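The structure appears below as C-alpha cells.
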Amino acid sequence: MKIKPLVAALTLVAPLYATAAEFTLTDTATNTYVENWEITNQKLGFGNIPFSIEKVRLHGGKQEGVDIIVIKNGELEVTLVPTRGMGIFDVKKDGKRVLGWDSPVKEIVNPAYIDLESRNGLGWLDGFNEMMVRCGYEWTGHPGVDDNGQLLSLHGRVQNTPSSTIKVIISDEAPHTITVEGEVSERTFKKAELVTKTSFSITPGENSFSLNDILTNKSDYDDEYQIIYHSNFGSPILEKGAKVYAAASEISPFNSYAGKGLKDWQTYLGPTKGYDEMVYNLKPVADKSGNTLAVLHNKAGNLGVSMQYNTSQLPVLTIWKNTDTLQQGYVTGIEPGTSYAYNTKFQRPLGLVPTIHAGESKHFDLTYTVLSSSAEVDSAVKDVNKLLNGKKVQQVHEPIVDLSKVQ
Amino acid sequence: MKIKPLVAALTLVAPLYATAAEFTLTDTATNTYVENWEITNQKLGFGNIPFSIEKVRLHGGKQEGVDIIVIKNGELEVTLVPTRGMGIFDVKKDGKRVLGWDSPVKEIVNPAYIDLESRNGLGWLDGFNEMMVRCGYEWTGHPGVDDNGQLLSLHGRVQNTPSSTIKVIISDEAPHTITVEGEVSERTFKKAELVTKTSFSITPGENSFSLNDILTNKSDYDDEYQIIYHSNFGSPILEKGAKVYAAASEISPFNSYAGKGLKDWQTYLGPTKGYDEMVYNLKPVADKSGNTLAVLHNKAGNLGVSMQYNTSQLPVLTIWKNTDTLQQGYVTGIEPGTSYAYNTKFQRPLGLVPTIHAGESKHFDLTYTVLSSSAEVDSAVKDVNKLLNGKKVQQVHEPIVDLSKVQ
Amino acid sequence: MKIKPLVAALTLVAPLYATAAEFTLTDTATNTYVENWEITNQKLGFGNIPFSIEKVRLHGGKQEGVDIIVIKNGELEVTLVPTRGMGIFDVKKDGKRVLGWDSPVKEIVNPAYIDLESRNGLGWLDGFNEMMVRCGYEWTGHPGVDDNGQLLSLHGRVQNTPSSTIKVIISDEAPHTITVEGEVSERTFKKAELVTKTSFSITPGENSFSLNDILTNKSDYDDEYQIIYHSNFGSPILEKGAKVYAAASEISPFNSYAGKGLKDWQTYLGPTKGYDEMVYNLKPVADKSGNTLAVLHNKAGNLGVSMQYNTSQLPVLTIWKNTDTLQQGYVTGIEPGTSYAYNTKFQRPLGLVPTIHAGESKHFDLTYTVLSSSAEVDSAVKDVNKLLNGKKVQQVHEPIVDLSKVQ
C-alpha cells in the first residue's frame, strides 16, 4: 500500500482514456477517499439531458460511515451502496420509488455492525433491505454447516464487504454513459482471493441500467464460487394480482410448503398474514446467445420491471415470493444465479457449485429495465413468450432437494 | 430513507410544539447528524438555574465514533450514550461520581468492536461498564441455546445497538424540564421489529431523573419480549456496611451459591476476593398504582440512591451483589425487569417471558433519585417500609430454577 | 473517563521529563485524538540526521478509520498500526520494502470488520498481512474449543484490539531516540484485565529497532497468558535458497507433514504450489543473560534480518515456513514466544501456558536488525554460531504434540 495523506478536495478530473472523464472517489491502495462529492452534466459541459452523480456519507445509528452514491440520469434515480458490496438500495422515478421494497430493516447498515454468523448464520438478515443484493462469492444460499465443518452463513459475505474502490466514469461522447465501478474483494489468507470488479452503467435519459461484473480468482488455486443476484421488488409493482413471467422450461418448489402454491406461481397475493415465503426453482431457457428474460408487472399491467441475463453465466433462476404482511416485508425476489438458495452442500451434488480456476475471470451481465406503460410491459412479456417458443413452463412437483431427508 | 447531505452546522432551533425547543442531533431517516454541539440555559434565555446539554463524539481505541451526551442540570451531571442503546454511563454531583461503578472495561466501547456471540454468548462483557444498561428486548438473561437451537447471548442486543435518533427537548416553561429521546431499534428481517423510544428526563436543579421508555412491536406478528433495567452502583454508595431495601414479599437465591448469603442479603461486604457474585430474585410489592421502591445507601446512611418503578410494567426485581475486589468490579445491581437473569428458556415456564402483540406498545417508567443526606435516605427507607406495610421480605431458600437439573 | 471535546489541533509539545518531547496523539481516557499529524527533526531543531514521524488516518474499504504511524529515521521507514494492536505493517529502506510480505489481504483491516470466531475461530485470517503481529495475550495458537468449552480463536485478540493511547516521545539529547508507545488492553468483565504497554523504539540513522513491551495483569486474580511475536518475512529476503539460523538446542516438526521437511529446515524453497506450510518447534539456547538470536538471509547472503530476544521472557521459538505460491502468500515466520502454535489446551500439559500473577508485569524485549551487506549477514550468523557453541541443532522427529491423537 502506498500511504499518502487523505485527498481532502477532489481534483482528479483526469481522463481515463481519450473519451471519458474519470473520478476516483475511493481507492484504498492509495488512501484516496472523498467524503462528499457531486458532478453534473452542466459542470462537465456534457449533453442536453441533465444528469448528476452524488456521493454522500451517512451518519448515525447503524448507518454510521456508510457511503452511498446517487445517480440521476434524467429518468431514474439509482442509489448504490459501496459500503455494502456495491448493492443497489433502490431506484426512483419522478421522485417515487419504482424498484425496491420496504424491509423492517430501515437503515443502510454498516457491515461493522453485522455479525454474519449470529443466529446460526442468519446475521445477514440484520442488514437486508436493498433492491439488489449480491449473494456470494465464496458461497451462497441458506446457512448450514458444510461438509468440512464450517458454518456457511446466509448468502455469503460479499454484500457485507465494503468496496475498496469507487470510480465514476462518464463518457465524453454522447450519450455520455455513466459507469460506477467498485472492487469488492473477499480476501482471507489461505481461504479465498475472490475479487469482483463490479460495474454499474446507465445512460442519461434511459429507463434501464446494467450490471457488468467480473469475478476473478486471484489465487493460484482453483476455488468454488457461487453468486445469486437477489433482486427484490415490492410496492408499487408488487400488489395483489401482479404477475411474473420467466423464460424457463421447468419450475419446481423449493420445499413442500412452496409446493402448495406451485400452480399459482405466476400470480401474487396481496399482503397475506402467515404466508411467510414460497420459493421456486426455475430452469431458464435462452436464445442462441444465452440471453433470457424475466418480467414482473403490476395488476394493471402498466408498470413493471424486466431483467435480462445470460444463462451461460447464470444458469438458474429463483423466484422468491414473500407476500407476507407489509410490516413483515411484502416483496418478491427474481434471482438469477449460478445456484439456487439451498445450502452449498446440497448444491454440489446438483452441479450448482461451479469452479473458478486459478487466475480465471467470470463475467456476469444483467440489464434491468423499468417498464412504465402497458406497451412496454406487453412488449417485455412478448419477449418472454418468444423465448418460450410456444412451450409452457413445466410444473414439477418434487423439490430438487428433499430437505426432509438431508437435514 | 430521504438522503440529504449531512447537516454541517446546527440550525434546527425549531419549536416542537408551542412550549418547547427541540433539537434533532441525529436522525438516520433524514441523514441528520451533528458531531459536537452544546446548548445552555443562557443561550436559550431560560431560567435562573444553570443547565447545559452537550454532545461529544469520542475517538480512539474501542470508543472510536461513540457519541455521548452530557447533561448538567445544576445539581447532577448525567452522561448518556446514544451509541450504546441510550444507556446511562454515570451520574456526577459536584464533579464526583455518585452513581456508577469502576468496571475493568474502561472505554465506552463502540458496538462495532463487540461480537455478542463470542465466548459462547458472553461478548456483552467486553463493553459492560455503565450505571444503567437496558437488557433486552428480543431476550435477556444468561446466555444459552434456546429451545429452537439459537444461542441467546447475554442480556440481549439493545445496549449494543446505536440509537437511530437523538432529540433534545427543553420545555419553554419553568422549570424547563430537559428530555433526551432516542429511538433504539432491534430490526431483523423475519425475526424482530422491536422499536423502543427511550426517553430520559431531568429538571434543572433537581436530584432525580426519569426514564420513560415505550417499546413498540412494529411487526404484524406477536412476539416475545424481555427487559431488565440493569442499574449498577459502586463507590461511593457501595461500601462495607452499605444496605439495600426493597419493597418485596419474597426473596430467593438465584442459585445454591447465593443461598449461602441469603440471610445477609440486605447488607454488603467490602471488596472481597473470591466472592464473585450472589444474585437474588425478589417479588416486589407495590401501592395501588403499582409503584414500588428500592433503596441503596452507604454505611453511614447519608448517601444513597432510590429507584421507583412500576410492578405492572416490571413485575420482578433482581439484586446482583458483586462485591468482589475493586479491580474485578466492586458493584451491586438493582434490576427491575419483566424477568430474572436466567436464560429465556428457563423463564418461559415461569411466565416471565411476556408477549407483546402486533402493534402493541409497552411503557416502562423509572425514577432514580440521588439521596444526599441522612434525612433523604431515611425518608426513602421509610417509603419502602410503608410499602412493606409491616411485613418482612420472606426468605425462600430454594432457587426458582434448579440450575443443577436444567442444564 | 474525563470527557472533553476532541483536541482539534495539536498543541501538546510538552516535555515528558527533562530530556524528551512527548506528543500524545490518542488517549481515550481524556478523549484526546489527533487525526493527521507530523513532526520532523527540523521542526524540533534536533540533530543532523533527518527523521520524521507521521500519523495518518486511512479511509475506504475495510481500512476505514485505521490509524497508521510512519516513522522515517533516515535509514528505515517503519509503519506501525495502532488500530491493529500496535503491530508493524512493514519496514522499507530506500523506498522499497525490506521487511514484510505480500498477503492476499491487501488492506490494513479495521478490527470492526473482523469476527474472530468466524470460520470456527479463523477470523484472524481476514486481517493477517503485517510484518509483526502480536499473538496473545489471553491465549494464542490454533483455534479450538478449550477444556472449559470456550472457543479460543486463532492467535488471540490483541492484534485486533485498537490501541487506547498513542504517545510519541523523542529524546532531547542526541542521538534523539524515537519511541512510540501504545496501550493495548484486553479488558472483559470477569474474564481478563491484561494491559500491555507496547513500546517501539528506533534511533535516527540506525538499521535496527526494538520492541519493549510490558504486559500487566491489572486484575486481582492470577491469570494465564500467552504471547507469540509472529514476525513475517517475504521478498526480498525470502527466496529460493534463503537460509534461516537459530541458536537452538533442538528442533522438531509441528506435525507429521512438517516432519517430511525436517532435514531441510534451514533452507527455503522458491514459491511452491501445494506446499502450504511446514512449521517447526525450536528450543532456543541463550547466553548467560538469556539473549538469543535468529537470522534469516537471502540466497546471496547479502540481505537479511536478525531478531534478538530473551529466553527468560520468550522461551520457545516457532519457525513457520509458508513457501507456497506468491499469490497465496510466500512468507516465513520467525516467532519467539511463551508458547508454540498449538491450541492452548495442548500446551498446558507442556508447561507452555504460563501464569501472570495479580498485579504482576512481564517484560518482552526484542530487537530487529536489517542486515544490508554480506559483512552484516556474516557477523549475525557468527553470533548465532557463538551461541550454539559448536553444537548442532538436534533434529527430533516426533512432534511434541501428537495431533492425530488429541483432536
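Brief remarks on what is shown
- Angstrom value of the Kirkwood radius, inverse mean 1/r, which spans all Cα pairs in segment A:337-394: 15.2 Å
- Beta carbon of chain A nearest to the axis of the rotation taking A to C, residue and angstrom distance: A:A112, 2
- Most mobile of C:G205, C:G337, C:G127 in a GNM of chain C (Cα contacts under 10 Å): C:G205
- Cα centroids of segment B:119-183 and segment C:285-348: 45 Å apart.
- Each residue of segment A:378-395 is assigned a 3J(HN,Hα), and the resulting list reads 4, 4, 5, 5, 4, 5, 5, 5, 4, 5, 5, 6, x, 8, 8, 6, 6, 8 Hz, derived from the Karplus form 6.51 cos²θ - 1.76 cosθ + 1.60 (θ = phi - 60°), x at Gly and Pro.
- As a ratio to 2.2 N^0.38 Å, the alpha-carbon radius of gyration computed for chain C takes the value 0.96.
- Estimated dipole of segment A:283-362 in Debye, rounded to 20 [Cβ of Lys and Arg +1, of Asp and Glu -1, Cα centre]: 160 debye
- Its DSSP H runs of at least 4 residues, each contributing -39,500 (n - 2.57), put the calculated 222 nm mean residue ellipticity of the protein assembly as shown at -2000 deg cm²/dmol, to the nearest 500.
- Fewest neighbouring Cβ atoms within 10 Å first, the residues B:H155, A:H176 line up as A:H176, B:H155.
- The charge dipole of the protein assembly as shown, taken about its Cα centre with unit charges on the Cβ of Lys, Arg, Asp and Glu (plus for the first two, minus for the last two), comes to roughly 940 debye.
- In this structure the amide hydrogen of A:E64, modeled in the peptide plane, comes within under 5 Å of the amide hydrogens of A:N110, none closer than 5 places in sequence on its chain.
- Listing B:S103, C:S373, A:S372 from fewest to most neighbouring C-beta atoms within 10 Å gives C:S373, A:S372, B:S103.
- Inter-chain Cβ neighbour average for residues B:213-225, partner chain, 10 Å: 2
- Here is how far apart the B:D287 label points are across copies: 8.0, 8.0 nm, shortest first, using a point 7 Å from Cα toward Cβ.
- Flagged links, alpha-carbon separation over 31 Å, of A:K197/C:K273; A:K197/C:K96; B:K62/B:K191; B:K260/B:K386; A:K92/B:K190; A:K191/C:K167: A:K191/C:K167
- Order of B:K96, A:K93, B:K321 under a 10 Å beta carbon neighbour criterion, fewest first: B:K96, A:K93, B:K321
- Calculated FRET value between B:Q266 and B:N148, using beta carbons and R₀ = 51 Å, to 0.05: 0.85
- Per-residue HN-Hα couplings for segment C:263-270 [Karplus 6.51, -1.76, 1.60; θ = phi - 60°; Hz; x = Gly/Pro]: 5, 9, 4, 7, 10, 10, 7, x
- Bridging of B:K218 to aspartates and glutamates at a Cα separation below 19 Å is possible for A:D102, A:E107, A:D126, A:D276, A:D324, B:D27, B:E138, B:E181, B:E183, B:E186, B:E193, B:E360, once same-chain residues fewer than 8 apart are set aside.
- Integer Hz, Karplus 6.51/-1.76/1.60 couplings in order for segment C:123-139, x for Gly and Pro: x, 3, 5, 5, x, 7, 7, 8, 6, 9, 10, 7, 10, x, 9, 4, 7
- The distance between label points at C:A29 and B:A20 comes to 4.0 nm (points 7 Å beyond Cα on the Cα→Cβ vector).
- Charged side chains reduced to their Cβ positions (Lys and Arg at +1, Asp and Glu at -1) give chain A a dipole of some 640 debye around its Cα centre.
- Residue-averaged beta-carbon neighbours from other chains (10 angstrom radius) around A:323-336: 2
- Whether segment A:278-352 is rounded, prolate or oblate, judged on the alpha carbon gyration tensor where a/c under 1.5 counts as rounded: oblate
- A Förster radius of 60 Å, combined with the Cβ-Cβ distance separating B:Y257 from C:K243, puts the computed FRET efficiency at roughly 0.55.
- Sparsely packed loop sites in segment B:224-263 (the trypsin sites (Lys or Arg not before Pro) outside DSSP H, G, I, E and B with at most 13 other Cβ atoms within 10 Å) comprise B:K240, B:K260.
- Charge dipole (segment A:259-407, unit charges on Cβ, about Cα centre) - positive-most of A:V316, A:S373, A:F346: A:F346
- Across the copies of the chain, B:K93 has label points (7 Å from Cα along Cα→Cβ) spaced 6.5, 6.5 nm apart, shortest distance listed first.
- In this label model, A:K382 and A:H397 are separated by 3.8 nm, measuring between points 7 Å along each Cα→Cβ vector.
- Between copies, the label points at C:L403 (set 7 angstrom from Cα along Cα-to-Cβ) are spaced 3.6, 3.7 nm, reported in nanometres from shortest to longest.
- For the protein assembly as shown, the square roots a ≥ b ≥ c of the C-alpha gyration tensor eigenvalues yield an a/c under 1.5, which makes the shape rounded.
- Between amide H atoms placed 1.01 Å from N, distances below 5 Å from C:K240 occur with C:G270, all of them 5 or more places distant or on a separate chain.
- Shape of segment A:137-246, Cα gyration tensor, a/c cut at 1.5: oblate
Coordinate-derived values only; no laboratory data. This is a predicted model, so every value here is computed, not measured. We place every Cβ from the backbone using ideal geometry, glycine too, and count neighbours over all the protein chains shown.
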